[in-house]
Amino acid sequence: GAVVSQHPSWVICKSGTSVKIECRSLDFQATTMFWYRQFPKQSLMLMATSNEGSKATYEQGVEKDKFLINHASLTLSTLTVTSAHPEDSSFYICSAVGFPANYGYTFGSGTRLTVV
Amino acid sequence: QKEVEQNSGPLSVPEGAIASLNCTYSDRVSQSFFWYRQYSGKSPELIMSIYSNGDKEDGRFTAQLNKASQYVSLLIRDSQPSDSATYLCAVDNQGGKLIFGQGTELSVKP
């Protein structure tokens, strides 16, 4: 149980374009989803917390207008990187909490974003 | 002071040896502690969770928690080359919001 599906697994986009990443809970209802970013050789850094039906809460230093998060249903959250630049190239990973409770144990498979 | 601290390594052990990974955390109210394994280019996978003081064993893995010292460790017995990865310590302070350490790179030499 507690499977989180994330796609795409990798994406290459041109500088200035937008990219959408999807995170789905397959066998449970995700009341809360977390979005992390990981740069090479670094640990996971929490970007934002999204609760179903409400606005996301962003961590300090994360631009909410650049990283748009939507959590409109109990099984789907999306992260849109708007006007992407090369410095946004990173590994983006989601995690979900919900019921039956799994306390954020499970991560999606991650999305490798490369902005050229 | 970082919220969750780990030695970055790399930690190198011979095959069959015990690998010991350590982690300290700063928030005394932390209740849940996790060890994740991450292979290069992959998402983290949960190895162990621990919530109360003492030891918790699962196969070749043993997690140890000491809340008074704000310390959590992971022991890997009979280390295998396939255990070579980065091990991430994570602390849950607020219902699923995980704070990660910087990770310890483990290399198991055949």
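The values are calculated or read from the model by the stated rules, or taken from the named source; none is laboratory data. Source: prediction; values computed, not measured. Reconstructed Cβ throughout: ideal geometry from the backbone, glycine too, with neighbour counts over all protein chains shown. What goes into the accessible areas is simple: the full protein's heavy atoms, side chains included, and nothing from ligands, DNA or RNA. Shrake-Rupley method; radii C 1.70, N 1.55, O 1.52, S 1.80 Å.
Return the residues of the stretch B:12-60 that are more than 13 Å from the chain's Cα centre (by Cα), farther than 24 Å from A:SER95 by Cβ and among the hydrophobic types (A, V, I, L, M, F, W, C); say none if nothing qualifies. B:VAL13, B:ALA17, B:ILE18 - these are the residues of the stretch B:12-60 that are more than 13 Å from the chain's Cα centre (by Cα), farther than 24 Å from A:SER95 by Cβ and among the hydrophobic types (A, V, I, L, M, F, W, C). Of the strands (runs of 3 or more DSSP E) lying entirely inside the stretch B:4-110, those carrying at least 1 residues that are in contact with a Phe, Trp or Tyr (Cβ under 7 Å, 6 or more places away or on another chain) are B:4-6, B:19-25, B:32-38, B:45-50, B:61-66, B:71-76, B:85-94, B:97-100, B:104-109. Looking only at the stretch B:64-110, residues that are more than 14 Å from chain A (Cβ to nearest Cβ), under 10 Å from the mean Cα position of the chain (by Cα) and not β-branched (Val, Ile, Thr) come to 4 in all.
Scanning the stretch A:12-28 for residues that are assigned to a loop (DSSP other than H, G, I, E, B) and open to solvent by less than 50 Å² (accessible area, probe 1.4 Å) yields A:GLY16, A:PHE28. Evaluated against (1) exposed (fewer than 15 other Cβ atoms within 10 Å of the Cβ); (2) more than 14 Å from chain B (Cβ to nearest Cβ), A:LEU79 falls short on exactly one condition, (1). For A:THR31, the requirement of being assigned to a strand (DSSP E or B) and under 23 Å from B:GLU3 (Cα atoms) is not met.
Residues to consider are B:ASP78, B:ASP27; find the one that is modelled with pLDDT of 95 or more and surrounded by fewer than 20 Cβ atoms within 10 Å (Cβ to Cβ).
B:ASP78
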